[in-house]
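No value in this document is a laboratory result; all are computed from the given coordinates. All of these numbers come straight from a predicted model, not from anything done at the bench. As a convention, Cβ positions derive from the backbone with ideal geometry for all residues, glycine included, and neighbour counts pool all protein chains shown.
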Amino acid sequence: MQTKQKGFTLLELVIAMAIFAMLGLASWKLFDGVLRMQQGTAAHERELRSLQRAMAVIERDVMHVTEQPVSLKKNVLQLQRSNWRNPLDQPRSGRQVLTYRLDNGVLWRDSQADGAQSVQRQRLLGDVRQLRWRVFDSHSGWSREWASAPGKKAAMALEVQVSVGRFEAIRRVLLLPGAQR
């Protein structure tokens, strides 16, 4: 008489363990892929946010540019703006001289109030591979060198082109106050 076997054979256990191992490996690969994708998306979002923040600062400054003092030479932009924040109501000039320049892959914004000795330096954007400024006026068109002068027509627009991080070429054209007349 034959007895019924109870339990699993060694072969059945080995096959079951191999199936569970393959399922575990596939799950781990899927989870690792999702984590890598999330990290890549978060890095892209950080880079985009810092680029947007820098462009917003430049746009805000250009929106408040006073008419004449715009200077562009050797890829250094200098302008004068008014209407800047004074949250502490300290006595100070309503005008501010701003200088944008690229130094070792970092876009810097230097600001100095009229008559003030100190210069405030702000890091706007890092990992900048290329930065180009151009100014447009109705007489000579686009130019990489510009200096405001009495009697000279005011610049109408400012173009900024930047390559930063994973963004190859971002181009913004901003109207200057002289263009709105």
- Item | Per-peptide average of other Cβ atoms within 10 Å, ordering 6-16, 161-171, 117-127 highest first | 161-171, 117-127, 6-16
- Query: Out of residues 5 or more away from Val70 or on other chains, whose amide H comes under 5 Å of its own, with H placed 1.01 Å from N in the peptide plane?
  - Reply: Ser148
- Message: If you only keep lysine pairs separated by 8 or more in sequence, or across chains, how many in the chain come under 25 Å at the Cα atoms?
- Response: 4
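Determine the sum of side-chain charges near Val160: Lys and Arg each +1, Asp and Glu each -1, restricted to other residues whose C-beta is under 9 angstrom from that of Val160. Before the final figure, lay out the partial values.
On the way: positive: Arg132, Arg134, Arg171, Arg172; negative: Glu159.
Overall, the nearby charge balance is +3.
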- Query: If you take the beta carbon distance between Arg101 and Ser140 as r and set R0 to 25 Å, what does 1/(1 + (r/R0)^6) give as a FRET efficiency, to the nearest 0.05?
  - Reply: 0.60
- Task: Sort out for me the Cα centre separation of segment 39-75 from segment 128-159, rounded to whole Å.
- Result: 17
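Projected area of the chain, taken from the Cα convex hull and averaged over every viewing direction, in nm²?
19.5
Once R0 is set to 22 Å, what does the formula 1/(1 + (r/R0)^6) return for the Cβ-Cβ distance between Arg49 and Gln122, expressed as a FRET efficiency to the nearest 0.05? Please list the in-between numbers first.
On the way: r = 16 Å, r/R0 = 0.74.
Calculated transfer efficiency: 0.85.
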- Note on the structure: The Cα radius of gyration of segment 1-64, divided by 2.2 N^0.38 Å with N its residue count, comes to 2.64
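How much net charge surrounds Arg49 when only the other residues with a Cβ under 14 Å from the Cβ of Arg49 are counted, with Lys and Arg +1 and Asp and Glu -1? Let's see the in-between values first.
On the way: positive: Arg46, Arg53, Arg166; negative: Glu45, Glu47, Asp127.
Counting the neighbours of Arg49, the net charge comes to 0.
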